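Here is the structure we will look at, set down as structure tokens.
The values are calculated or read from the model by the stated rules, or taken from the named source; none is laboratory data. None of these values were measured; they are calculated from a predicted model. For neighbour counting, all protein chains shown are included, and Cβ atoms are generated from backbone atoms with ideal geometry for every residue, glycine included. These area figures cover heavy atoms from the full protein model, side chains too; ligands, DNA and RNA do not enter into them. Shrake-Rupley method; radii C 1.70, N 1.55, O 1.52, S 1.80 Å.
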There are 2 protein chains.
Amino acid sequence: MKQALIIGASGQIGKMATTLLLEAKQHVKALVRDKNKLSEITNPGLSITEQDLEGAFSDAFAGCDQVIFVAGSGGDTGADKTLLIDLWAAAKAVQYAKAHQVKHFIMISSIGADDPEAVSGDMKPYIVAKHLADKHLIDSGVPYTIIRPGRLTDDTASLKISTVRPEDENKLKISRENVANVLLHVVTKAEPNNQIFEIFDGEQPIETALS
Amino acid sequence: MKQALIIGASGQIGKMATTLLLEAKQHVKALVRDKNKLSEITNPGLSITEQDLEGAFSDAFAGCDQVIFVAGSGGDTGADKTLLIDLWAAAKAVQYAKAHQVKHFIMISSIGADDPEAVSGDMKPYIVAKHLADKHLIDSGVPYTIIRPGRLTDDTASLKISTVRPEDENKLKISRENVANVLLHVVTKAEPNNQIFEIFDGEQPIETALS
């Protein structure tokens, strides 16, 4: 059975998605800098590769037919890490995926990444990085799904989402658990057809909202 | 007569290149954030457009057949500006150049931009930004010349350069005045043929070294 490679598996969404995928009997290869961060997950379907995204990490792609890029600094680390991880590590991952003929690259992007010029202030470098990482994937020829969540919250999974941007700015949000469940759906049930989704907490079951 | 647009004309190399081009009777449009920084240049061939590279600046491209991108933060400003100017403003400039059917885009890049993975430490975000900006230009279809100078010095122009990387690391350098003279040559005498040059202080006249 082919594996799904999760890049950034020890982050909050990465860890949730890893757990959900393993529960769904999906084999998962987790790419992390420190394997101790995944020590609470004990499942024979999980293999762990320790690598620093600031170096080369192409070996991890062998035997993986799907890749999920959920690594990232959020908007809170320095812009140096935004450039080196959110953009450059993503661009390298796309290049490795292409070389390994990966069948589906799933990118966790961000709302706003479609139009960085509409953003100002401290978030702009992060949004530019996500925009350019998405563009690399789109231009690469690797089949993709790009997911652009609203502002992330720690609410529990409602399992109900919307792909339509709400007019009320307070509703431009989605729980990390909902994002992880979207990843579960996309990895296990969706065909890659080069789509870009914005996702928010909403009213529709995930499968309905993404169909 | 068509104009050459210089983006970043108030920087050290930008100002030198602007002066040299005007002396060679080339019409120049200078794109700067603050026109007072060019107040010492009084030449009827110069027009100045004030715009912030962090916003939109496509209007400046009208009527320009060549574009020189020499804006940049060097390696010394914060990585946020590296991302927003060295990479994002460059990517926008390439997009505007394509929309305006510019005939020749001349990018001042940096030695090392061919292979960011060979670089580590504080310079890496800058080198990644330059690499990705160059890649945008290369992939754009806009005819280009990419110039990658060694470490910049304030020596006076020797007008002698080399395009071969010297083995002695101490010789991986070039004066800003030599870089400006290379720009003069490329703008006024070279045909755009999608070449990438590394340049260093050397022993050959500029025209010979670049031919």
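Across the copies of the chain, residue A:169 has label points (7 Å from Cα along Cα→Cβ) spaced 5.0 nm apart, shortest distance listed first.
Taking every DSSP bridge with both residues inside chain A, close to 10 percent are antiparallel. Axis-proximal residue of chain A for the rotation onto chain B, reported as residue and distance in whole Å: A:79, 2, based on Cβ position.
When you restrict to C-alpha pairs under 8 Å that are six or more residues apart and normalise by the size of the stretch B:1-141, the relative contact order lands at 23 percent.
Straight-distance candidates among the aspartates and glutamates for linking to residue B:160, with alpha-carbon spacing under 16 Å and chain neighbours fewer than 8 residues away dropped: B:177, B:198, B:201, B:203, B:207. In chain A, the sites counted are GluC sites (Glu not before Pro) in DSSP loop states with at most 11 other Cβ atoms within 10 Å, and the longest stretch holding none of them, exclusive of the sites, is A:41-166. Between the alpha-carbon centres of the stretch A:124-155 and the stretch B:137-201 there is a gap of 35 Å.
Annotation: aspartates and glutamates with alpha-carbon distance below 12 angstrom to residue A:37 (same-chain offsets under eight excluded): A:50. Orientation-averaged projection of chain A equals 10.9 nm² [convex hull of Cα atoms, one quarter of hull surface area]. For the stretch B:72-153, the number of Lys pairs separated by eight or more positions or lying on different chains, with C-alpha atoms closer than 15 Å, is 6.
In nanometers and ordered shortest first, the copy-to-copy spacing of the residue A:42 label point, defined 7 Å from Cα toward Cβ, is 8.3.
Please give the residues of the stretch B:178-202, grouped as numeric ranges, whose backbone N is less than 17 Å from a label point set 7 Å along the Cα-to-Cβ vector of residue B:170. What the label zone holds, given the 17 Å backbone N cut-off, is B:201-202.
Between residue A:62 and residue A:208, the modelled label-to-label distance comes to 4.6 nm, taking each label 7 Å out from Cα in the direction of the beta carbon.
Treating r as the C-beta distance of residue B:36 and residue B:135 and R0 as 30 Å, the FRET efficiency rounds to 0.30. Using heavy atoms of the protein chains and a probe of 1.4 Å, the accessible area assigned to residue B:19 is about 50 Å². Under a Gaussian network description of chain B, with springs only between Cα atoms under 10 Å, the residue in B:112, B:141, B:72 that fluctuates furthest is B:141. Build a GNM of chain A with springs between Cα atoms under 10 Å apart, and of A:58, A:109, A:120 the one that fluctuates most is A:120.
For the residues B:36, B:181, B:170, a GNM of chain B with alpha-carbon springs under 10 Å puts the largest fluctuation on B:170.
Shielding of peptide B:78-85 by partners, expressed as the average count of other chain Cβ atoms within 10 Å per residue Cβ, is 6.
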